[in-house]
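The numbers here are math on the coordinates, done by the rules we state, and not lab data. Predicted model only: the values in this text are computed from it and were never measured. Positions of Cβ are backbone-derived with ideal geometry, glycine not excepted, and every protein chain shown enters the neighbour counts.
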Amino acid sequence: MVITKLGDLGETDFFNGERVKKTDPRIGFLSDFDFFVCVLGVFIYYVKKSGGNFEILESLQDFFMKLPSLMFDKKLTCNLMEVENWAKILEEEVRKIEEKTGKIKSFIKPRGNFVFCFGNLARSSARKLELKFWEIKESYKLNEIFGVFLNRVSDFLFVFTIQNGRD
């Protein structure tokens, strides 16, 4: 049932069933998280449509669907190795792309075709998510590997977009 009216007074359920205010910083983080995953989905659509290599993006989106639980659910035994491995995978992908395209030395204006525009929107959404993570890290005793991972995501999306989205 979608309409429960449980959130009508400004509270919502968190992972462990805890009731929290909708102004809780974790809920703000999850809102930005949700936005990022949606934008990433649109980006994947346009990369697929353009004939680009979308498999890593789909795998990344699949991993993102597990990330909030790994970060916030204290009942789960968080496999930090999986997060570290993804950070390493993305770092290696950035290195490979930069070998082909050369290092980017200036900011790229986010305009042009759909792949380029949505890639830049996904990248900036990932960056916003990373900043939100660092805002809440100390208060909720979150492991910094999540911040490192989110930084690698925005780095990867930056170079991937340049490689796949230029006209």
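Picking from GLY17, GLY52, which residue would you name as being more than 12 Å from the chain's Cα centre (by Cα) and under 27 Å from VAL159 (Cβ atoms)? Before the answer, list the steps.
Working: GLY17 fails: under 27 Å from VAL159 (Cβ atoms).
None of the others qualify; the one that does is GLY52.
Going through the stretch 46-55 one residue at a time, which ones are part of a helix (DSSP H, G or I) and surrounded by 15 or more Cβ atoms within 10 Å (Cβ to Cβ)?
Those that are part of a helix (DSSP H, G or I) and surrounded by 15 or more Cβ atoms within 10 Å (Cβ to Cβ): TYR46, VAL47, LYS48.
So in the stretch 84-110, with the set limited to residues that are small (Gly, Ala, Ser) and more than 29 Å from ASN143 (Cβ to Cβ), which one is surrounded by the fewest Cβ atoms within 10 Å (Cβ to Cβ)? Talk me through it step by step, then tell me what you get.
Here is the first cut: in the stretch 84-110, the residues small (Gly, Ala, Ser) are 87, 102, 106.
Checking which are more than 29 Å from ASN143 (Cβ to Cβ) leaves us with 102, 106.
On the way: GLY102: 9, SER106: 5.
Per the criteria, the residue is SER106.
Pick from SER50, SER31: which is hydroxyl-bearing (Ser, Thr, Tyr), in contact (Cβ under 8 Å) with a residue 24 or more places away in the chain and at negative phi?
Exactly one residue qualifies, and that residue is SER50.
Go through the stretch 128-159 and count every residue that is in contact with a Gly (Cβ under 7 Å, 6 or more places away or on another chain) and either in a helix (DSSP H, G or I) or among the β-branched types (Val, Ile, Thr) (or both).
Number satisfying all stated conditions: 5.
Quick check on GLY10: is it touching a residue at least 12 places away in the same chain (Cβ under 8 Å) and on the phi > 0 side of the Ramachandran plot?
yes
Scan the stretch 111-123 and give yes if some residue there is assigned to a helix (DSSP H, G or I), surrounded by fewer than 15 Cβ atoms within 10 Å (Cβ to Cβ) and of a type outside the set (A, V, I, L, M, F, W, C), otherwise no.
Of all residues in the stretch 111-123, those assigned to a helix (DSSP H, G or I) come to 114-123.
Now restrict to residues that are surrounded by fewer than 15 Cβ atoms within 10 Å (Cβ to Cβ): none.
No - not one qualifying residue is present in the stretch 111-123.
Checking LEU60 against (1) outside any loop (DSSP other than H, G, I, E, B); (2) free of Cβ contacts under 8 Å to residues at least 40 places away in the same chain; (3) closer than 25 Å to PHE116 by Cβ: exactly one of these is not met. Which one?
With (1) outside any loop (DSSP other than H, G, I, E, B); (2) free of Cβ contacts under 8 Å to residues at least 40 places away in the same chain; (3) closer than 25 Å to PHE116 by Cβ applied to LEU60, the lone miss is (2).
Report whether or not GLY28 is surrounded by 14 or more Cβ atoms within 10 Å (Cβ to Cβ) and part of a loop (DSSP other than H, G, I, E, B).
Criteria not met by GLY28.
Filter the stretch 124-167 down to residues that are under 16 Å from SER31 (Cβ atoms) and among the hydrophobic types (A, V, I, L, M, F, W, C) and give me whichever is surrounded by the fewest Cβ atoms within 10 Å (Cβ to Cβ).
Per the stated criteria, the residue is LEU131.
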